[in-house]
Amino acid sequence: MKRINSHNKNTRINRGINLDNEPPIKIYKEIVENKKCIKSYFSKCFDLTVRQVPFFNIEDRKVLVVYIEGLSQKKLIEEFIISKLNSDIIKGSGSDECEIIKCKLGIQDSQVHSDIQSSVSAIASGNPVIFVDGLENSFEIDLSTPPGRSIDEPSTESVTRGPREGFTESVNENVVLIRKKIKNYNLKVEKMKMGQQTNTNVVISYLENKVNKKVLAELKSRLKKINIESVLDTNYIEEYISDSYVTIFPLIFRTEKPDIAAAKILEGKIIIIADGSPVVLSVPTLFTEFLHAGEDYYTRYSAAILNRIVRFISLLITLLLPSLYVALTTFHHELIPTNLIISIISSRRNVPFPALLENILMLLSFEIMREAGVRMPKVLGPAINIVGALVLGDAAVKAGIVGTSTVVIVAVTAITKFTIPALELEVPIVIMRFFLLLLSGYLGLTGLVFGILLISIRLVSMRSFGIPYMFPICPFSIKANRDELFRAPMKKLNKKHSGL
């Protein structure tokens, strides 16, 4: 095979050509040539470390140890590679040197490379690679130890009862956290690389004896079609494999908790883990999943049923209350009790804006305060929300900009939204709320009913990997509703919906 000189390779690499698109370059027998070649790939990289050590104390035989400082611990390299190469002596000349190296250093067949590109990818992934003088193979040692954070409770999915472990940015640690929950040989973990520039490790995990084979085949097909330069978070993958990218509704479930991910796998679903992200994806997804909380299964079923009922009612309140208020006060005064309408009119007698504009301004103000509270430092975030809610709200009422009834409506709308456990529903709720508010402000209750019908039609028409999004509500299933709208006792909660 024709070799490519170092200057040409360096020029091609600097232009950003992917390793996968290059013709394979065989490894040289001379480690000096391999050293030049590796350095040409990692030119202008101060953290590349190249060490030359003896090959089992054999005269005139050297080994090149190459790794990136920081991705591999120097202490581990000294203990598991350098010390073994320096101390052991090969006896006899008839032994297969490749097999001896694999045995001494604990190297698998898949970690033996015959081309430069595979060696470069291994080094970039954080694993040390050794080149032996006289051999046309390189050997990858799995000692990657990239910096990461410890396992702690996710701030977005805190619970009062139940496990408090959370995923980290390490794909290997995340897989271990799931295997700790599911000790079963049927748990399959398949690995692939995505991103032409990042070469991110992506893992899909499922129970082979419970997963829907059609869904699994469809997921693998969609993953293979992804052609992207970088994968820095699971959202990069989500937008590619989602059934529709023009909908506001989340079609793929996310979580940062291993116990929830394990529960999804036990239901027959597939989870997707990406290196560098603590958020894992679960497919297929149902709408009702976003109204479930992990602690529903760590309390008595009666408490879980009550909590779910509260969430469903809160969802309706946060969506419909502003629209219903505007429709009644603008078009349907006769439907409001006399004492209540008198109170509303008296509170709004000095307000210069119509009810529709008044509610839009208040809801927009609340969304601005919420976003400011999220972006501000944790110490100042709560203070911003308190100041905005109390000071600005009270000042707006005294100034006659809004009525007290509107402040109450917006406050109840905001509080009920916080009962929804899934952050993915936050933006869809806001968009639907303004959509229904505009229809109610111009068409009254007729517009509100029309908007509800449009949203319902859209929800029941969507699918997630072939599964109806609103299952088991539409199509309705009594058996599946044991753990969707309500939660049955554990004795009756044998398995999830069979539709998956």
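Structure data summary
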| read-out | value |
| --- | --- |
| Residue within segment 144-164 that is part of a strand (DSSP E or B) and buried (at least 19 other Cβ atoms within 10 Å of the Cβ) present | yes |
| Test: residue in segment 385-403 that is more than 13 Å from residue 347 (Cα to Cα), modelled with pLDDT under 75 and under 29 Å from the mean Cα position of the chain (by Cα) | yes |
| Members of segment 402-436 that are farther than 19 Å from residue 371 by Cβ, among the hydrophobic types (A, V, I, L, M, F, W, C) and in contact with a helix residue (DSSP H, G or I) (Cβ under 8 Å, 6 or more places away or on another chain) | 402, 407, 409, 412, 435, 436 |
| Test: residue in segment 92-105 that is within 27 Å of residue 28 (Cα to Cα), of a type in the set (Ser, Thr, Tyr) and touching a residue at least 24 places away in the same chain (Cβ under 8 Å) | no |
| Residue list for segment 418-459, restricted to those being of a type in the set (Phe, Trp, Tyr) and under 18 Å from residue 363 (Cβ atoms) | 418, 434, 435, 442 |
| Selection from segment 431-443 of residues that are surrounded by fewer than 19 Cβ atoms within 10 Å (Cβ to Cβ) and under 30 Å from the mean Cα position of the chain (by Cα) | 431, 434, 435 |
| Test: residue in segment 293-315 that is touching a Ser or Thr at 6+ places or on another chain (Cβ under 6 Å), in a helix (DSSP H, G or I) and either within 30 Å of residue 190 (Cβ to Cβ) or of a type in the set (S, T, N, Q) (or both) | yes |
| Condition met for residue 281 (farther than 22 Å from residue 146 by Cα, assigned to a loop (DSSP other than H, G, I, E, B), in contact (Cβ under 8 Å) with a residue 40 or more places away in the chain and among the hydrophobic types (A, V, I, L, M, F, W, C)) | no |
| Selected residue (only one of 363, 320 is aliphatic (A, V, I, L, M), surrounded by 18 or more Cβ atoms within 10 Å (Cβ to Cβ), closer than 17 Å to residue 441 by Cα and in contact with a Ser or Thr (Cβ under 8 Å, 6 or more places away or on another chain)) | 363 |
| Of all residues making up segment 260-294, the number that are among the charged types (D, E, K, R) and either buried (at least 22 other Cβ atoms within 10 Å of the Cβ) or at pLDDT 95 or above (or both) | 3 |
| Residue list for segment 422-452, restricted to those being under 25 Å from residue 285 (Cα atoms) and β-branched (Val, Ile, Thr) | 427, 429, 430, 431, 452 |
| Residue tally, condition in a loop (DSSP other than H, G, I, E, B) and among the polar types (S, T, N, Q), over segment 322-344 | 0 |
| Number of positions in segment 94-111 that are β-branched (Val, Ile, Thr) and buried (at least 16 other Cβ atoms within 10 Å of the Cβ) | 2 |
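Residues checked against (1) more than 30 Å from residue 113 (Cβ to Cβ); (2) touching a residue at least 60 places away in the same chain (Cβ under 8 Å); (3) out of contact with any Leu (no Cβ under 8 Å at 6 or more places or on another chain); (4) outside the structural domain of residue 424 (by TED's automatic domain parsing):
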| site | (1), (2), (3), (4) |
| --- | --- |
| 145 | no, yes, no, yes |
| 150 | yes, no, yes, yes |
| 157 | yes, yes, yes, yes |
| 176 | no, no, yes, yes |
| 180 | yes, yes, yes, yes |
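The values are calculated or read from the model by the stated rules, or taken from the named source; none is laboratory data. Since the structure is predicted, the reported quantities are computational estimates derived from the model, not experimental observations. Cβ sites come from the backbone with ideal geometry, for glycine too, and all protein chains shown count toward neighbours.
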